[in-house]
1. Once the Cα atoms of helix 147-166 and of the chain are each reduced to a long axis, what angle between those two axes, in degrees from 0 to 90 to the nearest 10, is obtained?
2. If you project the alpha carbons of region 222-378 onto the principal axes, what extent comes out on each, in Å, largest first?
3. Relative to the longest principal axis of the C-alpha atoms of the chain, give the angle of the C-alpha long axis of helix 198-209, reported between 0 and 90° and rounded to the nearest 10°.
4. What nm value, rounded to one decimal, do you get for the distance between residue 11 and residue 360 when each label is placed 7 Å out toward the C-beta?
5. How compact and how long is region 100-242, expressed as Rg and Dmax of its alpha-carbon atoms in Å?
6. Let me know the volume per residue of the alpha-carbon convex hull for the chain, in Å³.
7. When ranked by the protection proxy of mean other Cβ atoms within 10 Å per residue, highest first, what sequence do the peptides 219-228, 255-264, 345-354 form?
8. Rounded to whole Å and sorted largest first, what semi-axes of the equivalent ellipsoid does the C-alpha gyration tensor of region 230-313 yield via the square root of 5 times each eigenvalue?
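Derivation of every value follows stated rules applied to the coordinates shown; laboratory data play no part. Given the structure is predicted, the values throughout are model-derived calculations rather than measurements. Positions of Cβ are generated from backbone atoms using ideal geometry, with glycine treated the same way; all protein chains shown enter the neighbour counts.
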């Protein structure tokens, strides 16, 4: 929600956007362009008085000819409400909490709930909360997590510290600059793209079919392999998303933290069904047309499949009994993309089907097929 204190022409307006205060500057100061100063203060009674005092200061500078058009003079030196400002320097966890509160205004709820929460857990476990101990933090993450996970956390901490310096919460240079680039992922890292072969895919499906405890999930696993969709999209799929003639699926929603939302890219996409996928959908669709709102792949006891529970129990147990290298369940997506490329589907078409950008497909998948390509005569 956005609220504004209406200001007459030439005065500074105080605005509240998503519960955070900012100042709206007169357009005539910048040749008609609208400019704002983000104060980094939550919208409380006390902080509004601070914001109004800052606005009056700027107005006096304008009238006296002392206005700083670079705005450096007016940028806040502390990004925390007066009620909770700590007496000493900020810990890394404190910086992260403030950074997330700020970013929550402009990033998706999924990023806040999943990615930022995961990073917070890593930051909370660090042996030191002093941002200047960047080298210690890097070594700790590298030792305690996978290289890919360590790299991701360092990238996020680096972005947090850049923001903190800009907001006046940190002084000097960012000690995390370049640290993430020093980590090279291992070929055995579970986050590295290492798709299953077609034979391994079929072996996994057969493993679920023959499992005494987890055969219920066989169709769900088939679907993941046949579409390459994201896990959250498969969990949230409803019959209304599937064409009556089973010719296509519309991926437009996902389940994240038991909440229904739009897809990761915020865009819907149409996925064309081949014979194998149509056959699967036909085998599980009730003879009488199902309720459009009903879930295509419900949990054994109803409701949504718990993706985390499925991975840590069903997926892990079934793959442990197979003569193949273990990879996380998300590699069903990697497998679909890779097999599609190997079978001649254009990378741009694959990108449209799975909801990725063509650039990402070329960067992470298409390049792995170079060894199988042959240069034609020309």
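1. Helix 147-166 sits roughly 20 degrees off the main axis of the chain.
2. 57, 37, 29
3. That works out to roughly 80 degrees.
4. My value for the distance between the label points is 4.8 nm.
5. In Å, with Rg to one decimal and Dmax whole: 20.2, 61.
6. 228
7. Packing order, densest peptide first, comes out as 219-228, 345-354, 255-264.
8. Numbers: eigenvalues 83, 53, 29 Å².
Semi-axes (√(5λ), whole Å): 20, 16, 12.
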